[in-house]
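These notes concern the structure reproduced below.
The values are calculated or read from the model by the stated rules, or taken from the named source; none is laboratory data. Note that this is a predicted model, so its numbers are computed, not measured. For neighbour counting, all protein chains shown are included, and Cβ atoms are generated from backbone atoms with ideal geometry for every residue, glycine included.
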Amino acid sequence: MCATIPPVAQTGRFFVVAVLTSAAVLAYDGTLDRRGIEEAISIGSARIESVRVRFHQPYRLAVGRAPVDYVDVITPFRRIEIEAETRARAGNRALSQAEALNLLAANPDQIDFFVELTLHPMNTYVGLPNYQVQLVPVGGGAGPAPIEPRDLQRFPRYGARVEGIPLPTRAAPAVPRTSEPILGGTVVAQFDGRLLNRSGVYEVVVREEGKEIGRARTDFRALR
């Protein structure tokens, strides 16, 4: 049987340990067991903000090369944490084990990459450009073949980005006000985790019409 996880309200120590442990694992959790799900829920429901901030840090990859700001990596473990944290911030009922399992059921091995973009304010785009995302393995011989996403979606942003560190969640495409320009957006690239090395290192490469416009390196050994 799995060990009982201490209640959120009783101690903050468990969450600090969980975050530190998540940074030391040798690979992300492709298939979560009940203990892993409970740990993800506990981190998302933590009342200590610094714990959640520290948890998210290795999943956010800075790029800083216009128009690409950063890339967020969403593993199954983080997908559960984000849902639990979203509920906690809204003051809603805590995520249950059953709901977490249902959340993972459709695509248990899926890895998402959220590419956050800021466009020049004087741009003339009528829609988000046709940005593409690939994963390029690091090492393993000369010229490893890039891995293509199994699905890719683009969400334009017409208003200013929310201050702080917004959680990477899908949102319905924004409806622009009259003559409002596109100021940025998010590209969501979905990859089949079964095709990836769970302890591997990859370059996330963003392209527009074949030209590279940004890249970031992710090390799955530092993620859960």
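Could you list all residues from the stretch 90-106 that are surrounded by 10 or more Cβ atoms within 10 Å (Cβ to Cβ), part of a loop (DSSP other than H, G, I, E, B) and among the small types (Gly, Ala, Ser)?
ALA94, SER96
For the stretch 62-89, what are the residues that are part of a strand (DSSP E or B) and in contact (Cβ under 8 Å) with a residue 24 or more places away in the chain?
If the condition is that a residue be part of a strand (DSSP E or B) and in contact (Cβ under 8 Å) with a residue 24 or more places away in the chain, then ALA62, VAL63, ARG65, VAL68, ASP69, TYR70, VAL71, ASP72, VAL73, ILE74 are the ones that fit.
Out of all the residues in the stretch 120-138, which are aliphatic (A, V, I, L, M) and assigned to a loop (DSSP other than H, G, I, E, B)?
MET122, VAL126, LEU128, VAL138
Being of a type in the set (D, E, K, R), in a loop (DSSP other than H, G, I, E, B), within 18 Å of the chain's Cα centre (by Cα) and at pLDDT below 90 narrows it down to one of ARG161, ARG177, so name that one.
ARG161
For residues in the stretch 45-74 being among the β-branched types (Val, Ile, Thr) and modelled with pLDDT under 95, which is farthest from VAL188 (Cα to Cα)?
So the residue we want is ILE48.
Can you name the residue in the stretch 111-131 that is within 24 Å of TYR202 (Cα to Cα) and surrounded by fewer than 17 Cβ atoms within 10 Å (Cβ to Cβ) and is also nearest to the chain's Cα centre (by Cα) among such residues?
The selected residue is THR118.
Of the conditions (1) more than 17 Å from the chain's Cα centre (by Cα); (2) without any contact (Cβ under 8 Å) to a residue 12 or more places away in the chain; (3) part of a helix (DSSP H, G or I), GLN57 satisfies every one except a single condition; which number is it?
(1)
All but one of (1) modelled with pLDDT under 90; (2) assigned to a helix (DSSP H, G or I) hold for SER42; which doesn't?
Of everything listed in (1) modelled with pLDDT under 90; (2) assigned to a helix (DSSP H, G or I), SER42 misses just condition (1).
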